[in-house]
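Contents: one structure, followed by commentary.
The values are calculated or read from the model by the stated rules, or taken from the named source; none is laboratory data. This is a predicted model, so every value here is computed, not measured. Reconstructed Cβ throughout: ideal geometry from the backbone, glycine too, with neighbour counts over all protein chains shown. Accessible surface areas use protein heavy atoms only, side chains included; no ligands, DNA or RNA. Shrake-Rupley method; radii C 1.70, N 1.55, O 1.52, S 1.80 Å.
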Amino acid sequence: MIKEIITYPNKLLRTKSKDVEKFDAELHTLLDDMFETMIAKDGVGLAAIQISVPLNILIMCLPDENNVQSHENSLEAINPKITFKEGVITYTEGCLSVPDVHEDIKRSQKIVVEYCDRNGEKHSMEAEDFLAVVWQHEIDHLLGHLFIEKLSVLKRKKFEKEWKKKLKEEKNKK
């Protein structure tokens, strides 16, 4: 089922998510709904908090060489933790919770992440470049942070001004 994605400045996006303790059918349904929502909204990653569920769950699916995102190629991560970071990469990021905004963000170029799958089995993954960026972006959500927080003071002020104007225009349309 496609869920509603909450958008900035919704206070829930600032919530630190809680670890998952039960790996059951309810969790599996949530993961399936998250995948369906992410694909419907043209995303490559989605944290549970973005659909108002404050649990340490994220899903990601990078497009293949034919630009297709399949459920088989998706990665589900429960209770993820970054255990190693190295290097710096700048990547133009966007976010389903901050629609139509794209900014250059600095992140670690290479990371190692430990996480559980939908059945509670532990995994470790090394990620570089774009995959590392997606991991870090989604884990930031689980910690209550948005990519716009990484902007310089000047760019952040500009963003806030433009965002308020956009929200006001949307409100006036209704």
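Do the conditions hold for A40, that is, is it touching a strand residue (DSSP E or B) at 6+ places or on another chain (Cβ under 8 Å) and of a type in the set (A, V, I, L, M, F, W, C)? It is false that A40 is touching a strand residue (DSSP E or B) at 6+ places or on another chain (Cβ under 8 Å) and of a type in the set (A, V, I, L, M, F, W, C). Would you point out the residue of the range 129-153, among those that are more than 16 Å from N56 (Cβ to Cβ), free of Cβ contacts under 8 Å to residues at least 40 places away in the same chain and in a helix (DSSP H, G or I), that is most open to solvent (accessible area, probe 1.4 Å)? My answer is V153. Taking the range 107-128 as the range and being buried (at least 16 other Cβ atoms within 10 Å of the Cβ), over 16 Å from the mean Cα position of the chain (by Cα) and either aromatic (F, W, Y) or under 16 Å from D19 (Cβ atoms) (or both) as the test, the residues that pass are C116, R118. Filter the range 84-106 for residues that are among the small types (G, A, S) and under 18 Å from the mean Cα position of the chain (by Cα); which is surrounded by the most Cβ atoms within 10 Å (Cβ to Cβ)? So the residue we want is S97. Residues in the range 68-83 that are assigned to a loop (DSSP other than H, G, I, E, B) and touching a residue at least 12 places away in the same chain (Cβ under 8 Å) were compared, and the one that is least open to solvent (accessible area, probe 1.4 Å) is S74.
Of all residues in the range 93-135, which are touching a strand residue (DSSP E or B) at 6+ places or on another chain (Cβ under 8 Å), of a type outside the set (D, E, K, R) and closer than 16 Å to L13 by Cβ? Result: G94, C95, L96, V101. Filtered by the rule that a residue be open to solvent by less than 50 Å² (accessible area, probe 1.4 Å), assigned to a loop (DSSP other than H, G, I, E, B) and small (G, A, S), the range 32-67 gives a lone residue, G43.
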